1. Need pairs with beta-carbon distance below 9 Å; first residue on the phi > 0 side of the Ramachandran plot and among the hydrophobic types (A, V, I, L, M, F, W, C) and within the stretch 227-247, second open to solvent by less than 10 Å² (accessible area, probe 1.4 Å) and at pLDDT 95 or above; sequence gap 6+ or separate chains.
2. Given Ile157, Ile142, which one is touching a His at 6+ places or on another chain (Cβ under 6 Å), more than 24 Å from Ile405 (Cα to Cα) and of a type outside the set (D, E, K, R)?
3. Tally the residues that are in a loop (DSSP other than H, G, I, E, B) and modelled with pLDDT of 95 or more, restricting the search to the stretch 239-251.
4. Can you work out which of the residues in the stretch 191-234 that are at pLDDT 95 or above, among the small types (Gly, Ala, Ser) and closer than 16 Å to Asn138 by Cα is most open to solvent (accessible area, probe 1.4 Å)?
5. Name the residue that is farthest from Pro124 (Cα to Cα), counting only residues in the stretch 426-459 that are under 16 Å from the mean Cα position of the chain (by Cα) and acidic (Asp, Glu).
6. Looking at Gly147, Gly70, Gly141, which one is on the phi > 0 side of the Ramachandran plot, in contact (Cβ under 8 Å) with a residue 24 or more places away in the chain and open to solvent by less than 20 Å² (accessible area, probe 1.4 Å)?
7. When Asp129 is evaluated against the numbered criteria (1) of a type in the set (Asp, Glu); (2) surrounded by fewer than 21 Cβ atoms within 10 Å (Cβ to Cβ); (3) touching a strand residue (DSSP E or B) at 6+ places or on another chain (Cβ under 7 Å), which criterion, by number, is the only one it fails?
Amino acid sequence: MTTRSASRFAAPILAMMGWITCGRTPFTAATGTSGFTEPGRDASATPVKDGVTSQPVGQEGCPDGFTACGSGAAIRCYDLTRSSDHCGSCANVCAPGIACQASACQQYRCKGTLSYKALALVCPKCAGDHTPALGDFNGDGIWDFVGPTGFNGEMGILLGKGDGTFRSYPVVTSYASPWHAVAADLNGDGWLDLVTVASGDPAISVRLGNGDASTHFAPATTYAASSPVLGLLLADLDNDGHPELVASQDQQLTVWRGSVDGKLGGPVDMPVGAAGNFLASTDWNRDGTPDLLYGGPTLRMMLGHGDGTFDQDMACGISLADNQPFPNLHGTALADFDHDQLVDLVAGSKVVLLGMDGCNFRTLVNLPGYVAGSSGSVAVADLNGDGHADILSAFFVVDRKLQVILGDGQGGFASSTVLSDAEVNKDAVFLAGDFNQDKKLDILATSTSGWRVFLNTCP
């Protein structure tokens, strides 16, 4: 197995939650310790390899030019001038494909109207409401994704060419039902690992990335849940530096502990009143430890202890379903729209709840483009590079067109703006990243009618 530096190898775990931090501190990030050095030791004694932006904390602490970020066993030394996961300060994450240079995320700030160019629709006969995974899977610095490649539910790894187009390699030849994929580095070797499950299937497949240009992944290992899986999450829930796998089912969550070699521990079932296909992790109550958010028609949560265990299931009564029997898997998103370091929630794809505090919130904001009776997917990203989170959809005002509601950084939003005339399924999954290396955030939209890249063309 080839091992490489853990520099810009993966989207942060928060990307699995459906929002992108875009140079702002994410909520699940552990507290950073600037200039950490073990007492009585000379930090400069720890050697640094050329080009490496992170390394473990050695017996001598962190070397000169590196800062310890994280907490507990997850503490690691980072070069804050070049690390895209800790750019300028601990936990300041650059958006996918955006480099960190001179302690700043190098995203371009648009000087005029935000606009996008639609590339050709790919795989228009791809069947199934699949959930793709974004990341740099082959370590070339160009963003890739795991997505649908055929009519029979085929899953492939689509490697970016650097111009917004991709070349496809097979991962799974067929799936009987729509599949869900998430990715993270489970074993710390610098290669993204892939976790997948078919809708309604209790068998979860884990494929460890191996750096091999012909196979990309080692053979799959199967982990069985006790009932059909509705959603997947990878997050470090016990601050040991190794992501845990969480699966939501009808009335329980199941957690498999991560380990240094990427093998998962035995399943731990946690009964809940109701689960569903929404599943996320964030520091909901601001105590420095990750919590679990989940739900079907309404939001529920379990507050974490920081050691991988949680308080009892708590029902909030906040609707995620927009008066539908079940919510769209991607109709809910988390962000900090007003820069107050509190979690804000896009709920039911129609309102934003600012300043979440337990099951309460400070302000309810109706999204200006929402049309009563409609619903669809949303995603959050700073599309124009102004430092404020924006909301992306395909059902505001003009149905089935790519649209954005620009955030003003104070919890307010502009009217919906159509970004392209190309048709987009309103239930599409939206992923944002720089796919053509121009420092602007592009958009990948996947749905049952195929997938399409929209390149950011703002001046």
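The values are calculated or read from the model by the stated rules, or taken from the named source; none is laboratory data. Values in this document were obtained by computation on a predicted structure and should not be read as measured data. Cβ coordinates were reconstructed from backbone atoms using ideal geometry, including for glycine residues, and neighbour counts include every protein chain displayed. Ligands, DNA and RNA are excluded from the accessible area calculation, which covers all protein heavy atoms including side chains. Shrake-Rupley method; radii C 1.70, N 1.55, O 1.52, S 1.80 Å.
1. Nothing qualifies.
2. Exactly one residue qualifies, and that residue is Ile157.
3. 1
4. Ranking the candidates gives Ala218 first.
5. Checked the stretch 426-459; the qualifying residue farthest from Pro124 (Cα to Cα) is Asp434.
6. Sole residue among the options that is on the phi > 0 side of the Ramachandran plot, in contact (Cβ under 8 Å) with a residue 24 or more places away in the chain and open to solvent by less than 20 Å² (accessible area, probe 1.4 Å): Gly70.
7. Against the list (1) of a type in the set (Asp, Glu); (2) surrounded by fewer than 21 Cβ atoms within 10 Å (Cβ to Cβ); (3) touching a strand residue (DSSP E or B) at 6+ places or on another chain (Cβ under 7 Å), Asp129 comes up short only on (3).
So that you can scan it fast, the table gives a plain yes or no per residue for (1) aromatic (Phe, Trp, Tyr); (2) within 24 Å of Gly385 (Cβ to Cβ); (3) in a loop (DSSP other than H, G, I, E, B); (4) at pLDDT 95 or above:
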site	(1), (2), (3), (4)
Pro63	no, no, yes, no
Ala73	no, no, no, no
Gly88	no, yes, yes, yes
Tyr108	yes, yes, yes, yes
